[in-house]
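Note sheet for the following structure.
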Amino acid sequence: MKNFMQAALTEIAYQPQRLLEILRKIQQQYQHIPPQAIDYLADELKIPITQIVAVAEFYSFFHLTPQGHYQILLSDSITDRMLGKADLTTYLEQKLQLKLGQVRADGLVSLNNTSCTGLCDQGPAALINGYALPNLSYASIDAITALIEAQKPISEWPPELFSVADQICKVDLLLSAPIEKSTGLYAMFAKGLTASLAEIDLSDLRGRGGAGFKTAQKWQFCAEETSQQRYVVCNADEGEPGTFKDRVLLHRYADQVFEGMTICAAIIGAQQGFLYLRGEYLYLYQQLNAVLQQRRDEGLLGDNIVNQGLAFDIEIRLGAGAYICGEESALIESLEGKPGIPRNRPPYPVSCGYLNQPTVVNNVETFLAAAAIVVNGGAWFANVGTEKSAGSKILSISGDCEKPGIYEYPFGTSIAQILNDCGAKNVLGVQIGGPSGCFISNQEFDRQIAFEDLATGGSFIVFNQQRKILDIVQNFTDFFAHESCGFCTPCRVGTSLLKKQLDKIANGHGSAGDVVELDAISQLLKNYSHCGLGQTAANPVLTTLQRYPELYQQQLKNISYEPGFDLDAALETARQLAHRNDAAAHLQQVEE
Amino acid sequence: MASLTIDGQRIEFSEGQTIIEAATAAGVYIPHLCHKPGYTPHGSCKLCTVNVNGRNCSACTFPAAEGQAVLNNTEQLKQDRRKITQMLFVEGNHLCPSCEKSGNCQLQAVGYQLNMLDNHFPHFYPHRAVDASHPEILIDHNRCIFCNLCVRASREKDGKNVFGISGRGINKRLIINSATGQLKDSDIDVNDSAAHICPTGAILIKHTAYQAPIGERIYDHHSIDEVALEQEHGK
């Protein structure tokens, strides 16, 4: 073990910030994080054992007890379930002679669920030792189980098992005309940094992760901070169930995204950038590193970018299965090698981010757009969309439709238009913006994709009339309870209470008052949680309760709460013994 | 001097103070458990949530600013703080009558202060262990509310790193910085701040349990708001 550990530590240059990276290697090597490895790391990285254990327990892809040599994680998003995940799971369990949640006695294979893997347009999906397996079928399960039993190394498996398609179905402003490599950088230096920022300001570009903070303003704030070090971080931790656009953008337009980051670095004065790539996209890691190396070779990254004296480089850091790391301050904690727990704000990352230095965190799509804006000008972008939502939005469409995939639309496009384009029929409703967003019914399809109407990070899940709303809400509510970081009381306890309360009603054990209680827990979560996760965790309940109250009421048992016995009569013996018969010795039956 | 209002009452504060610091200095109590004067604010228990210009904020982390209109003692906030306290009760195993911290416990005292009369929510009844390995200090994980005070005390006051909070969501747990995970193998000392800071009965000093009998303990005679304000002003 010592040799392995030393090599791994050398690879991360003994930087404690890269703790997740080394734990990933240890997990791969030993199928878990052994106690000896934890002690060794604590000594060598000079960090407490508690930090290592906390990180190992926080991220779903690390384990303190051994998993199988082949570790299978089944994506458990609602879209996987709609595509027949339950039956395939049973089949897989039979083939492997292994129950979900277990490690097989011979240690060869383990099977578990995981949150959405970003393959909703080609599910049901799974990860095997971290690598994505899309389009699971009975046939592919036959192939996979045979390869496992034959103990064939994953590197020798047929590549078609891992083949992920881009499925770009509709292009608009950005995707119809991607910029040529390096043109963004040359355009920026030709215009000047101030003028380039002015173009981004003019474009009215707002953050594409969903929150919609104005990009130019964020960059300006960061640039104005007095500091020697600044950082640019690209948030590619798209964990919102139903979103997968960043997967495609990074697969196909990585250069443009990196160019956007480099432009940001020049404007704010950063020398180091990070791409925080969700662990589920491990299969993109090598390719993206190759793109970065190519850019270094071509002078588009490094000490003297396009001979203009700009020094900037980008490092890829992988996540390890934690939805909360999509929250920017949790992401920064994760970059520092810690559990992804959102920070208190203020201060905001623009003034106190990575290693407490000013940091810009933007979504993949935001950097992609910024690069194009610097080339094409702010007006080019601002002329598209609505008054309050400039430009276009890239949607990840999945669920009950003929053509799931990537669709780009100008802001202001109606839901009806989008449903028509993707071939959705007989629609019950659409989940806009993922579980943390909003469920809209088929009475609302004239509404628009826009910050002022339906704001979204891009997740768009279609449900047809055969789907049961409570199944959907249960899946989403389970998701939040599983992904809550547990830092604050309302979310740590509230997401689990909400799950219990919803299950009680959905399973037919609810009685009068239980829907009111469901709403009350939801309000607590929304109003008192520390971060966006908790504040939106009750949205699936709240947005469907508002639209379909009768659905919840129908689940309730008809109990009026009459006590089963006469409470006052039961006290008669006690009254006789006490020689009392006054009013205070009698109990009134509780009125309904 | 800069000023803000709390429930309409004008309060002066100095630059750099949080809302709870400004309030306490002015003699206004805001319920709290994870906050303790002199320690880095944590902002996790959410009991100190106040409404600042229409938005809910943690008073222990949010900076006081000129002209803020802070709401603290509203019916809504009191009711919701009670529910947050009830959440803390059902999450762990808090059995006051058999707990040696009863009467000195801040969780219990906050419950009294907020007029909490039942647990309201269904209990989780988690399986949590007791670590009695250390000769002088006992950890009963059943009573941990993850306030992080022992973690901060060890780091900030004792110059050690004895405690940490691990796990995720409802599976949160207090962990010990030692190879075995047991307290006896850590470098904690019975005189450390971290051994004495627990607001509940999760970390206890052995052999001292009933030196003050039940009925003669601090919150048996004083409400927690009195005690908190007195401690702050008396220091």
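Brief remarks follow.
One line per residue, one yes/no per condition, for (1) surrounded by fewer than 21 Cβ atoms within 10 Å (Cβ to Cβ); (2) assigned to a strand (DSSP E or B):
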site: A:256; (1), (2): no, no
site: A:276; (1), (2): no, yes
site: A:284; (1), (2): no, no
site: A:329; (1), (2): no, no
site: A:342; (1), (2): no, no
site: A:351; (1), (2): yes, no
site: A:365; (1), (2): no, no
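- Selection count where residues are in contact with a Gly (Cβ under 8 Å, 6 or more places away or on another chain) and of a type in the set (Gly, Ala, Ser), scope segment A:219-268: 5
- Hits in segment B:183-208 - residues which are part of a loop (DSSP other than H, G, I, E, B), over 22 Å from residue B:110 (Cβ atoms) and more than 14 Å from chain A (Cβ to nearest Cβ): B:189, B:190, B:191, B:192, B:206, B:207, B:208
- Filtering segment B:153-182 to residues that are among the hydrophobic types (A, V, I, L, M, F, W, C), more than 7 Å from every other protein chain (Cβ to nearest Cβ) and over 18 Å from the mean Cα position of the chain (by Cα) leaves B:162, B:176.
- Residue in segment A:345-368 that is within 25 Å of residue A:435 (Cβ to Cβ) and within 14 Å of chain B (Cβ to nearest Cβ) present: yes
- Residue within segment A:429-448 that is within 11 Å of chain B (Cβ to nearest Cβ), in contact with a helix residue (DSSP H, G or I) (Cβ under 7 Å, 6 or more places away or on another chain) and basic (Lys, Arg) present: no
- Hits in segment B:217-234 - residues which are without any contact (Cβ under 8 Å) to a residue 60 or more places away in the chain and in a loop (DSSP other than H, G, I, E, B): B:222
- Each residue in segment A:158-184 was checked for being free of Cβ contacts under 8 Å to residues at least 12 places away in the same chain and either within 24 Å of the chain's Cα centre (by Cα) or not assigned by TED's automatic domain parsing to the domain that holds residue A:365 (or both), and 2 pass.
- Condition check for residue B:51: touching a strand residue (DSSP E or B) at 6+ places or on another chain (Cβ under 9 Å), away from every other protein chain (no Cβ under 12 Å) and either of a type outside the set (D, E, K, R) or closer than 25 Å to residue A:517 by Cβ (or both): no
- Output for segment B:81-95, where each listed residue is over 16 Å from residue B:43 (Cα atoms) and not aliphatic (A, V, I, L, M): B:82, B:83, B:86, B:89, B:91, B:92, B:93, B:94
- For residue B:38, the conditions (1) touching a residue at least 12 places away in the same chain (Cβ under 8 Å); (2) away from chain A (no Cβ under 14 Å); (3) surrounded by fewer than 20 Cβ atoms within 10 Å (Cβ to Cβ) all hold with the exception of (1).
- Tally, over segment B:36-78, of residues that are part of a loop (DSSP other than H, G, I, E, B) and of a type in the set (D, E, K, R): 3
- Where helices (runs of 4 or more DSSP H) fall wholly inside segment A:485-562, the ranges with 3 or more residues that are farther than 22 Å from residue B:49 by Cα and more than 9 Å from every other protein chain (Cβ to nearest Cβ) are A:489-506, A:514-528, A:539-547, A:549-553.
- The one condition in (1) at pLDDT below 95; (2) crowded, with 18+ Cβ neighbours inside 10 Å that residue A:582 fails to fulfil: (2)
- Residue that is surrounded by the most Cβ atoms within 10 Å (Cβ to Cβ) [pool: residues in segment B:54-87 that are of a type in the set (Asp, Glu) and away from every other protein chain (no Cβ under 12 Å)]: B:66
- Against the conditions (1) at the interface with chain A (Cβ under 9 Å from one of its Cβ atoms); (2) over 20 Å from the mean Cα position of the chain (by Cα); (3) of a type in the set (Gly, Ala, Ser), residue B:129 satisfies every one except (1).
- Residues that are in a loop (DSSP other than H, G, I, E, B), closer than 20 Å to residue A:410 by Cβ and more than 16 Å from the chain's Cα centre (by Cα) within segment A:208-245 comprise just one, A:212.
The values are calculated or read from the model by the stated rules, or taken from the named source; none is laboratory data. What you are looking at is a predicted structure, and each value in this text was computed from that prediction instead of being measured. Using ideal geometry, Cβ is built from the backbone for each residue, glycine included, and neighbour counts are taken over all protein chains shown.
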